[in-house]
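What follows is a set of notes on a single structure, which appears directly below.
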Amino acid sequence: MKSFWNNLGYQGVGIVEANSHSGGIWVLCSNSNISVRVLDVVDQCISFEITMGNTSSYRSAVYANPHIHRRKELWGDLTRIANMIHGPWIVLGDFNDVLLQSEVRGGQFRLARAEQFAETLEDCGLFDMGAIRRRFTWYRKVKGGVQVAKKLDRAVINQDWRLMFPEAYTEVLARLHSDHCPLFTRCKMAKRATKGHRPFRFQAVWMTHPLFRNVVDTAWNRGAPDVVKCLLEVQKDATSFNKKVFGNIFVKKRELERLLNDVQITLESREDQQLRIKEQVLHQELNAVLLQEELLWYQKSREQWTVIRRKRNKIHGLFLEDGSWTTETTTL
């Protein structure tokens, strides 16, 4: 089997051999421009790091055991691996479980198992990427000719992975010689702004500084009555204000924490009224910086989830009247 893939230009990255006709995972790579490092291998999951240039991300390929007691081992392994990974992460494959009742047709939905699966994803910071073309990924006929269908295969990702690949999506392809449908995840990295040309973003946290309103008023008046020029002047002065006056919140926070710690250590050995006053002042300044930090992270999180919502609302293709799927763009 290795020679077969080698002849097609693929190299084996990680392999878990099948047990008779059950299980088995092969991770193959055909791109010589990327570096692959295996992080962890267990019988139900292979995890690895992919590096391309200065960019790294993580992948895990899973083939969950059909027996629930063994599948619980996989949930534990994924939680363990999540603690090893700090960055973009996608996990894809056959999880042999469903999350929602709508992911089952003609079979039983077991709530307890779905809850265990959902809790594992939440503990790992993962969420379902979603898929196009098909609702189910596994089909099997049972007695009486009734066909059972379930969504057992999926791709789940963390927020960092979605931000790195905002246009990525997963297709459920046609099944041929298996009762499972193949998954095909198409990745497209976000374009990075070149150095020196970062887009301007208004930071709500600037409004907490008493001097910022005057910065905006002065810049706006300088550009009036041309609104476009006013906005450009505000952008220029706000950027300068951020660099020269407002400064780095995280640097301020560390410095205030250091000063407060030094004062409190000194007060443990001797009482000093001036140091008590300084301690109170440092407390107030640190609280103000913590509020600014909270506002900064809140705005950042809103921007990130906007990217995610935009991806979920993006139309990748349409079903035509004849039932065929198309991704071609036509002009009416």
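Laboratory data are not the source of any read-out in this text; all were calculated from the coordinates shown. Remember, it's a predicted structure, so these values are computed and weren't measured experimentally. Glycine also receives a Cβ, built like all others from the backbone with ideal geometry; neighbour counts cover every protein chain displayed.
Before moving on, here are some points about what is shown:
- When the Cα positions of CYS29, HIS67, VAL156 are compared along the charge dipole of the range 15-157, HIS67 comes out farthest toward the positive end, with charges on each C-beta of Lys, Arg, Asp and Glu.
- Cα centroid separation - the range 83-106 against the range 107-138, whole Å: 5
- The GluC sites (Glu not before Pro) of the range 231-284 meeting both criteria, a DSSP state outside H, G, I, E and B (loop) and at most 12 other C-beta atoms within 10 angstrom of the site's C-beta, are GLU271.
- Here, P(r) means the percent of Cα pairs in each 5 Å bin from 0 to the largest distance; for the range 204-313 it is 2, 10, 14, 14, 14, 13, 12, 9, 5, 4, 2, 1, 0.
- In the range 9-192, lysine pairs with alpha-carbon atoms under 29 angstrom apart (chain gap of 8 or more, or interchain): 8
- Ordering PHE212, PHE200, HIS177 by Cα displacement along the dipole of the range 140-262 toward the positive end leaves HIS177 in first place; charges were set at the Cβ atoms of Lys, Arg (+1) and Asp, Glu (-1).
- Check: the range 204-313 dipole with +1 on Lys, Arg Cβ and -1 on Asp, Glu Cβ, in debye: 780
- The peptide list 144-156, 239-251, put in order of mean Cβ contacts within 10 Å with the highest first, becomes 144-156, 239-251.
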